[in-house]
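The values are calculated or read from the model by the stated rules, or taken from the named source; none is laboratory data. A quick note: this is a predicted structure, and the numbers were derived from the prediction, not measured. In this analysis, Cβ positions are derived from the backbone assuming ideal geometry, glycine residues included, and neighbour counts consider all displayed protein chains. Please note that ligands, DNA and RNA were not included when accessible areas were found on the heavy atoms of the full protein model with its side chains. Shrake-Rupley method; radii C 1.70, N 1.55, O 1.52, S 1.80 Å.
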Amino acid sequence: MYLKVSFLVSFCFLSVISLGQSSLGADSSLLNLKKGKDLVDYLNLTATSLRESDHPTTLAMSFKADSIAITLNDLSARSRANENISWVYYRQSQWQKAFEFASKAYDFALSAEDTLQAARLMNNMGALYYEQQNFPKAIEQFKKGFEYATKVKDLQTQIRSLNNVALNFTQSGQQDSAMYYARISVSLNENAGSPYLTSFAHRVIGDVYLAKGQYDSAQAIYNRSLDMARQQGIISFETGILHRLGNAYLLDNKLSQAKEILDYSIELCAANGYPTELALSHKHLAKVLEQQGKISEAYKHLNTYLLLNDSINSKANRDRLALLQGMFEQNLQQSELKLLKAQNESQSFRLATSRKYIILISIAVALISFLVVWMYFLNRKVSAKNKDLQLQQNKIAEQNKILENQSRELGEINETKNKLFSILGHDLRGPIGQVKSVIDLMISDQLDENEFLDLIHVLQKDINSVNFTINNILKWSMSQMDGFSMHPSTFSLKATVDNSITLLNPAIVDKKLTVFNQISGDMMVHTDQDLADVIIRNILNNSIKFSKPGDAVTIFAEKVGKFIELCVMDQGVGMDPALVEKILSDEYSITKSTPGTKKEKGSGLGLQLVKEFVKKIGGELYIQSVPNHGTRFCVKIPASN
């Protein structure tokens, strides 16, 4: 539910207006009386009112409206019909089709100079990027929608766009920016007078206060938003606020108020079928009961949360993997179509050339009296044609080489996809299976508390491994998507390294390693901080993984021209020169992971991520290693001016 809030905000106001204007329904007698432009408008309006409740009818009406609009050359009507089709496919989680029809609708709106429709579609496109968790690209689309709405002075669409921008900033951790846009939305809405949009903006502001630890302010804002939602009778929005308010009371140690709100939230979500909000309510209530000392009840709610959350996450992962696989298949189909088109063009050219030769020969026979003169000129023409034909054949040969290269690249992409699926199928199944086994034993009372405490450290190690692998896979997947962009900033290299050491501290403690961070606090770098975090964390994790118990890991850095060279040196098992050369080569990709000194498992993706992200930030990677003596990883990162 929470993942689709942005897209719902984009469509909600339009759907409400259309529903009020479409009370005629789908009456067949009225449909038979309408023709041409009136029929198209009626079909679009009715489809908009039905798209939340009757998907088959909506698709039938929208495709019908689009076909009639083609005959009328009405691009604005085609835009609205394709928008309704995109909405239905979005609701059915068919992301690729939703994106295709939304893109077509946007192009039609621009061609028709329908700026308001373009503004709404920018919100739709942004919502699809939100589903991919590509928040910078989503923000770009929503801001463009705000610009279009401002041009036509459509206050409602302006406010929706601002709310969506604020929501995406909260998801990407930029709370100050989120607060800025949410307050602008509230200010504009004083003139619009829309309680729903005001309630949404207040909820975003409450999220910002909660993230900053201003719990009293968050509670006040959430309560105000909750009152607005109840006055409008919007249960879906009320459930989205209740678990947030309960969490704010929990963090402020107001346990009785938190329990009262969360108990009601669970009852409301269960009765109306909102699984995401239900799962979060169980999670927060488990923490409340734990602090109240009611461990048994807390455990029941925590177990319910885990079951619900596992189901929700599994569906979300399946949808994203389906979208990723669809993109692979679409690229492959496009390449095959290009190859067939090139072959058809080549054959058509040859047939056309053959016909010309036949005509020339016929003319030569008919005009035998001019044979000598004609043959002279004919020879010149044939020579010229042969040269043109040779040039065409050379071009076709070059195009075939390009297509072969593209086919090979697609094969490599498909191989990478298979390796990625192998990681998901094997490296993650084991740890998750162990966690499930322990939970099953606890549920069946075959595991007492002492035995559980003995296993908890093993489970923590497995969960940390799974978390590290999933983070690497998500970062790698996002870097492969269209629209991926960097956001350089200036930050402390030492603080970033310290953060990675803290995250990997369980593994450091487990191996009794000594880590020396010799980087000075004033050493600043200027690059994308997220990419730098991934680079440093994976290099440090690799050194820890192949260090022997009791070893030392040393981290140091120095200024080298316009770069800062960061080095991580360990005393581990080391690598032979052939393996170092393979890792640094351009052909190196995702490979089977080598177990660590304590049989630690990995995904084989870490060093590939390091290589790709070092290139993206404009740096360089060096590796020096001696078998059985240790390894030194060095990476050059752009220094701050």
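In table form, for the structure just shown:
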| item | result |
| --- | --- |
| Candidates S111, S49, S67 - the one that is within 30 Å of E277 (Cβ to Cβ) and either modelled with pLDDT of 90 or more or open to solvent by less than 30 Å² (accessible area, probe 1.4 Å) (or both) | S49 |
| Residue match in the range 491-500 (condition: open to solvent by 10 Å² or more (accessible area, probe 1.4 Å), touching a helix residue (DSSP H, G or I) at 6+ places or on another chain (Cβ under 7 Å), among the aromatic types (F, W, Y) and not in a helix (DSSP H, G or I)) | yes |
| Scan of the range 198-216 for residues that are closer than 28 Å to T157 by Cα and open to solvent by 10 Å² or more (accessible area, probe 1.4 Å), ordered by number | T198, H202, D207, Y209, L210, A211 |
| First in the range 303-320 and more than 11 Å from K283 (Cβ to Cβ) and basic (K, R), second anywhere and modelled with pLDDT of 70 or more and surrounded by 12 or more Cβ atoms within 10 Å (Cβ to Cβ), Cβ under 9 Å, 6 or more apart | R320/W95; R320/E131; R320/Q132; R320/Q133 |
| Answer residue from the range 553-578, given it is among the charged types (D, E, K, R) and assigned to a loop (DSSP other than H, G, I, E, B) and is least open to solvent (accessible area, probe 1.4 Å) among those | D570 |
| Flag for S520 being in a loop (DSSP other than H, G, I, E, B), open to solvent by 20 Å² or more (accessible area, probe 1.4 Å) and either assigned by the TED database to the domain that holds L566 or at negative phi (or both) | yes |
| Any hit, the range 244-254, residues being closer than 16 Å to F200 by Cα and of a type outside the set (D, E, K, R) | yes |
| Residue match in the range 490-512 (condition: of a type in the set (D, E) and modelled with pLDDT of 70 or more) | yes |
| Any pair with Cβ under 7 angstrom, 6 or more apart, that starts in the range 233-251 at a residue that is at negative phi and ends at one that is of a type in the set (S, T, Y) and not in a helix (DSSP H, G or I) | S236/Y274; T239/Y274 |
| Residues that are more than 18 Å from Q175 (Cβ to Cβ), touching a helix residue (DSSP H, G or I) at 6+ places or on another chain (Cβ under 7 Å) and open to solvent by 30 Å² or more (accessible area, probe 1.4 Å), drawn from the range 133-142 | K137 |
| Yes/no for I261 being in a helix (DSSP H, G or I), buried (at least 24 other Cβ atoms within 10 Å of the Cβ) and at pLDDT below 85 | no |
| In the range 507-517, residue nearest to G173 (Cα to Cα) [restricted to those that are surrounded by 15 or more Cβ atoms within 10 Å (Cβ to Cβ) and out of contact with any strand residue (DSSP E or B) (no Cβ under 7 Å at 6 or more places or on another chain)] | A507 |
